[in-house]
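Right, one structure below, let's go through it.
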Amino acid sequence: MLKIGRRLAGALVAAAAFAAAPAYAQTTLKVALHSDLKIIDPIWTTALISTHHGNMVYDTLFAMDDKLQVKPQMVDKWEVSPDKLTWTFTLRDGLEWHNGKPVTAEDCVASIKRWAARDSMGQKLMSVTADLSAPDAKTIKMVLKQPYGLVLESLGKTSSNVPFMMPKEQASVDPNTQLTEAVGSGPFIFKKDEWKPGEKAVYVKNPKYKPRSEPASALSGGKVVKVDRVEWIWIPDTQTQVNALLGGEVDMIEIVPPDLLPLLQKDKNIKVLATNTWGRQYSMRFNVLTKPFDNAKVRQAVLYALSQKEFLDANSGNPDYYKECKSVFPCGSPLESTKGWEDKLSGNVAKAKEILASSGYDGTPAVLLHQTDVAGHNNLATVAKAQLEKIGLKIDLQPMDWQTLVSRRAKRDPLDKGGWSAYFTSWGSPDVLNPVSAAFVNAACDKATFGWTCDETIEKLRDAYAAETDPAKQKAIAEQVQLRLLEYPTFAPLGQFTTPTAIRTNLSGVITPTPALALWNVEKK
């Protein structure tokens, strides 16, 4: 009887332990990204970290695959009228917001309008749209004033600003006001209660998300989540990031500086790969509202003064991961052309001095916003300072972290009240493939992105490009845009680069190529 009693007691203890244990061990993916997340509205800002956040939380009507082909995402089917003026989109079944409410076409119409108020391609699309409505809960109807060749390319663009779909309550907020909530219908749910800017951001698997049936391809296809929880761990120092990956404290580093690659390549538990094989374009953005870059001739002098190779050497450092490219549109893309730019961006100090002398420059210092905390970008402003001082420009270099810069660049204040003259960033190559998608080519004055470039000639050319369907004629228009940018510079392209990503070998399913962070399909063993 004693043995039976002991067996029974042991069985009861085991049963209690089994009942108390979770059904499975929760899988947490920990990643170290290029920036801290402080802004959770990916429409208000073009900051890549906020776009990464958007891809976690929200979904899109269309998305691009690994061949840069536009594919349906939230859309089930669509049709175009014979006269090419009426587009009708039908939403997939089973779409649901994280708050449990169904996704409706009315939500999507409001989302498109909010996105279009801020985005370069969205503005052009809305300029030819006569009516955008929701005839029923699953149907979006767009009626155009004239045929337009970039409807799907606009709704399926891959990066800032991405037309993320939001509940009408969020999408109705003034696009110039930051959202403070993040309710989407995407594969992950944002845990705002665990978000600690400067420390971490947390996302959990959306159990009600219904992936598409197609395989994941870039940002399109089935977004199948294979982990329970994702933590974005903010580690400002890149060496500390590498040590954390080597020690197993994080599972992935989004961007590894090339000089630290040897440390990782020696470890059999680490794998290095390039997820964004299309690369990115470094850029210097001018603010035309403030001196000295309100003067087009001063900006022209800058184009001669800057040397792409010095920027690439200082910020990428490894020729295997960069290339000089004197084309406004990415090298390797259909619109690549050096026409008119052959003698620019090579550090021609004498020519730059000559143009600056003829500009009437009055000695006002140019305020350069200097981001100090983003690997691969933190030397852009310092290189520019040295190059521009050689031609006689006075420079006021103001260091700050990237998220402070993101807020600062939205200010149109005079220089003595917190204004700025230029800042530095990069764009994914798919974002700047043509004159309509490239935000820094936009010269629509108040509607242009930060810097507020304003030129009627550029805008007419962008309209002509959008209306044209013949590739040869599109390229000719793009070259006209490129030549006009020499007369009215809106930015300076500073070369192309790719960034290595490092993961621990117990991860699989990392999507490549992709223009932005995609953490669905990733499995951790």
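Just so it is clear, none of the values below were taken in a lab; they were calculated from the coordinates. Keep in mind the model is a prediction, meaning the values are calculated, not measured. All Cβ positions, glycine included, derive from the backbone under ideal geometry; neighbour counts span all protein chains shown.
Observations on the model:
- The modelled label-to-label distance between ASP416 and ASP193, using points 7 Å beyond Cα along the C-beta direction, is 5.1 nm.
- Helix 2-20 axis, angle to the chain major axis (alpha carbon atoms, nearest 10°): 20 degrees
- FRET efficiency, 1/(1 + (r/R0)^6) with R0 60 Å, evaluated for LYS525 and CYS445 via beta carbons: 0.65
- Cysteines without a disulfide-compatible neighbour (Cβ-Cβ under 4.7 Å), the chain: CYS108
- A Förster distance of 25 Å, applied to the separation of the beta-carbon atoms of ASP320 and THR512, puts the FRET efficiency at 0.90.
- Electrostatic tally near LEU345: other residues with Cβ closer than 11 Å to its Cβ, Lys and Arg +1, Asp and Glu -1, net -1.
- Inter-probe distance in nm under a simple model that places probes 7 Å from Cα toward Cβ, at GLU214 and ASP463: 3.4 nm
- Sum of -39500 (n - 2.57) over DSSP H runs of 4+, divided by residues of the chain (222 nm, nearest 500): -8000 deg cm²/dmol
- With Cα atoms, 0 to 90° folded angle of helix 471-487 axis to the chain main axis: 60 degrees
- Here the label points at GLU336 and GLN178, each 7 Å from Cα along the C-beta direction, are separated by 3.9 nm in the simple model.
- If you take all other residues with their beta carbon under 11 Å from the beta carbon of PHE286, and give Lys and Arg +1 and Asp and Glu -1, the sum is +1.
- Taking amide H positions as modeled 1.01 Å from N, with prolines and chain starts lacking one, the residues under 5 Å from GLN73 and 5 or more places away or on another chain are PHE62, ALA63.
- In plain terms, the chain from LYS141 to LYS84 could stretch by 19.2 nm, reckoned as 0.36 nm per residue minus the Cα-Cα distance.
- With the highest mean first, a sort of the peptides 306-318, 147-159 on other beta-carbon atoms found within 10 angstrom per residue produces 147-159, 306-318.
- Count Lys and Arg as plus one, Asp and Glu as minus one, and take only other residues whose Cβ is under 15 Å from that of ASP193; the net charge is then +1.
- Helix axis angle, 48-57 relative to the chain longest principal axis, alpha carbon, degrees: 30 degrees
- Here segment 45-168 is treated as an ellipsoid with the same Cα gyration tensor; its semi-axes, largest first and in whole Å, are 21, 18, 14.
- Nearest-0.05 FRET efficiency for LEU397 and GLU249, computed from C-beta distance (R0 41 Å): 0.75
- Taking the square roots of 5 times each eigenvalue of the Cα gyration tensor of segment 280-497, largest first, gives ellipsoid semi-axes of 25, 20, 18 Å.
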